[in-house]
Amino acid sequence: MKKIILYLFGICSLVSSCIGEEYFGQSSFGNIKAITVSNQASNAQILNDSIKVLVEIPAGVDLSTIRLENLEVSSFATADKNAGDLLDLNTPQIINITAEDGTTYPWTIESFVAAENPQLDNFDLNLWYKTSTDYFEPGADAASTIWGTGNPGTQILNKLATTPFDLGIDNLAAKMETLDNGPIAGAFGTPISAGSLFTGVFNSDNIDPSDPEAAIEFGTPFAGRPEKIRFKFSYVPGPENKDKDKNVLDFGDACDIYALLEVRAGGKTERLATAWFRSDVTTTELSEKEIPFTYGELDSSFPDYTRPADEAYVSRDSANFVLPTHIIFVASSSFDGANFAGAIGSVLIVDDVEMVYE
């Protein structure tokens, strides 16, 4: 069954990857598909029409030592810069992309100063785009969105656990619901799909039906130091909480909504700040909630599930001033959904995810 699911997903991925850059003969495409540089404060803005990339860098960063960390170009194309190369973004830099047919495209890379108090792109969750397989994902489009869901892994089972929810007056939110995967999936230890919303990317190359988080690359560039995170939510837990073996648990389901600020540098990831909300309380009306960020190491008063698995925190001194490089935001209708535990019918609605500054 697992092989069948992977095969079907592979077909879907192959079909969708061909859209927009069809290959007939030698390809003339020379686009930058994705780019990341050091100290980047948000996702790069890739402007295909003007062959330009805009990257947001926090004030005070030495622009002469910006390092190219990742560069993805069109299939069969090559670039004259590679990961690890330095870019002096005091002035616009050129990366030449050469298509398979020999056409060269001079891409201009420019920087601009990051906002002092940044917000997440599409934080109000009003923008949703239709995918090539005819369902909706949060964001303006697949290329620019910072948001992901587990839908790419579950839609092959005809399950969409995260969907746009219409609040009226042109106001959309994200609805997450824990769904029954059916008897066949249940027999293989994957009885449910929990609705989820996160900052990051769903990488179909790493899909594993037995591990919902294997294909998720959590986090997006971010360079603010918010005091709190504020959001609106409602939550109704399902009637019967079960583990992956369908045993009824002696405690109810709960939602998880949390944000983590991280510093990623030199191949290491260290936790800078934590804001975590887990609740099993039925909240039928959309309500506003604020959760403070705790900077630095968490003390013994915090539950174990809020801690980084490797206890990797930034140093005590740097916790007082250093900027993060990334933020992870996650919301789920079942807190243990990654282990296929939860209550079918649990519904979480989230809207207006805002960073609160002093």
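The values are calculated or read from the model by the stated rules, or taken from the named source; none is laboratory data. It should be emphasised that the depicted structure is a prediction, and the values quoted were computed from it without experimental measurement. As a convention, Cβ positions derive from the backbone with ideal geometry for all residues, glycine included, and neighbour counts pool all protein chains shown. SASA here: full protein model, heavy atoms, side chains in, ligands and nucleic acids out. Shrake-Rupley method; radii C 1.70, N 1.55, O 1.52, S 1.80 Å.
Summary of values
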{"read-out": "Checking Ala259 against (1) open to solvent by 20 Å² or more (accessible area, probe 1.4 Å); (2) under 30 Å from Phe321 (Cα atoms), the condition it does not meet", "value": "(1)"}
{"read-out": "In region 83-93, residue most open to solvent (accessible area, probe 1.4 Å) [restricted to those that are closer than 22 Å to Gly30 by Cβ and of a type in the set (A, V, I, L, M, F, W, C)]", "value": "Ala83"}
{"read-out": "When residues of region 280-302 are limited to those that are touching a residue at least 24 places away in the same chain (Cβ under 8 Å) and over 18 Å from Lys228 (Cα atoms), the one least open to solvent (accessible area, probe 1.4 Å)", "value": "Thr283"}
{"read-out": "Test for Gly182: is it of a type outside the set (Lys, Arg), at pLDDT below 90 and open to solvent by less than 40 Å² (accessible area, probe 1.4 Å)", "value": "yes"}
{"read-out": "When residues of region 201-222 are limited to those that are out of contact with any His (no Cβ under 9 Å at 6 or more places or on another chain) and hydrophobic (A, V, I, L, M, F, W, C), the one modelled with the highest pLDDT", "value": "Val201"}
{"read-out": "Answer residue from region 304-320, given it is under 24 Å from the mean Cα position of the chain (by Cα), open to solvent by 20 Å² or more (accessible area, probe 1.4 Å) and not small (Gly, Ala, Ser) and is nearest to Pro237 (Cα to Cα) among those", "value": "Tyr305"}
{"read-out": "Residue under evaluation Ile328, criteria (1) open to solvent by less than 50 Å² (accessible area, probe 1.4 Å); (2) in a strand (DSSP E or B); (3) over 30 Å from Arg67 (Cα atoms), criterion not met", "value": "(3)"}
{"read-out": "Residues being exposed (fewer than 12 other Cβ atoms within 10 Å of the Cβ) and either touching a Leu at 6+ places or on another chain (Cβ under 6 Å) or on the phi > 0 side of the Ramachandran plot (or both) - total across region 37-82", "value": "1"}
